[in-house]
Amino acid sequence: MGLTCDNGQVMPRFVLLRHLCPANFSRPSHWDLMLESGGTLQTWELRELPALWAQQCGVEAVTDSNTVPVVRLPDHRLAYLDYEGPLTDDRGDVHRCDSGTYELLVRADSCQHIRLHGALLGSDVQFEQYETNYRVTASSS
């Protein structure tokens, strides 16, 4: 688990990984946002970063929007909080862009609002589900 905040609660951790996929892989290279929750990592695939995150991470922005579509992936092992390198079964490599802790601000049926506290990322993040899809919006905290 993450650091302890002023009220004594342990703050869960997050990691933003760049997943570089081989040319023959089923998906193109993307970003994986992983949130520690209940012994696993809730994981979302982002084909592009919100403009604010691209700026904070020092990478070229693909969009000028802070709202981007995301795909909810199956939960991942906690080991990815600290892992960088090759993935098994020729699935490519992952490289850490940022990591830190997060606060859960709101959780509802179709919406989750968190605040990231990373070395680079410091933003509020809202996940919204619409039908079977998701989108994430980043804003300054």
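The values are calculated or read from the model by the stated rules, or taken from the named source; none is laboratory data. Fair warning: this is a prediction, and the values are worked out from it, not measured in the lab. Cβ sites come from the backbone with ideal geometry, for glycine too, and all protein chains shown count toward neighbours.
Of all residues assigned to the range 60-71, at least one qualifies as being without any contact (Cβ under 8 Å) to a residue 12 or more places away in the chain and exposed (fewer than 15 other Cβ atoms within 10 Å of the Cβ). Output the residues belonging to the range 64-83 that are part of a strand (DSSP E or B) and either under 13 Å from the mean Cα position of the chain (by Cα) or of a type outside the set (Val, Ile, Thr) (or both). Val68, Pro69, Val70, Val71, Arg72, Leu73, Pro74, Asp75, His76, listed by residue number.
Quick one: which residue in Asp98, Asp109 is touching a strand residue (DSSP E or B) at 6+ places or on another chain (Cβ under 9 Å), among the charged types (D, E, K, R) and in contact (Cβ under 8 Å) with a residue 24 or more places away in the chain?
The match here is Asp98.
Grab the strands (runs of 3 or more DSSP E) fully contained in the range 84-134, keeping just those with 2 or more residues being touching a Gly at 6+ places or on another chain (Cβ under 9 Å) and at pLDDT 95 or above.
Of the strands (runs of 3 or more DSSP E) lying wholly inside the range 84-134, those with at least 2 residues that are touching a Gly at 6+ places or on another chain (Cβ under 9 Å) and at pLDDT 95 or above span 93-108, 111-118.
Within the range 16-44, if we keep just the residues that are farther than 19 Å from Arg91 by Cα and touching a helix residue (DSSP H, G or I) at 6+ places or on another chain (Cβ under 8 Å), the residue that is surrounded by the fewest Cβ atoms within 10 Å (Cβ to Cβ) turns out to be Gly39.
Return the residue satisfying two criteria in turn: it lies in the range 84-141 and is of a type in the set (Phe, Trp, Tyr) and under 26 Å from Pro28 (Cβ atoms), and of such residues it is farthest from the chain's Cα centre (by Cα).
Tyr130
When the range 83-102 is filtered for residues that are buried (at least 16 other Cβ atoms within 10 Å of the Cβ) and either of a type in the set (Asp, Glu) or over 25 Å from Gly58 (Cα atoms) (or both), only Asp98 remains.
What is the residue count in the range 45-56 for residues that are out of contact with any His (no Cβ under 6 Å at 6 or more places or on another chain) and surrounded by fewer than 18 Cβ atoms within 10 Å (Cβ to Cβ)? So the answer is 3.
For Gln55, the conditions (1) assigned to a strand (DSSP E or B); (2) within 16 Å of Gly118 (Cβ to Cβ) are fulfilled apart from (1).
Checked against (1) in contact (Cβ under 8 Å) with a residue 24 or more places away in the chain; (2) more than 20 Å from Ser141 (Cα to Cα); (3) in contact with a strand residue (DSSP E or B) (Cβ under 7 Å, 6 or more places away or on another chain); (4) not charged (D, E, K, R), His30 passes all but a single condition, namely (1).
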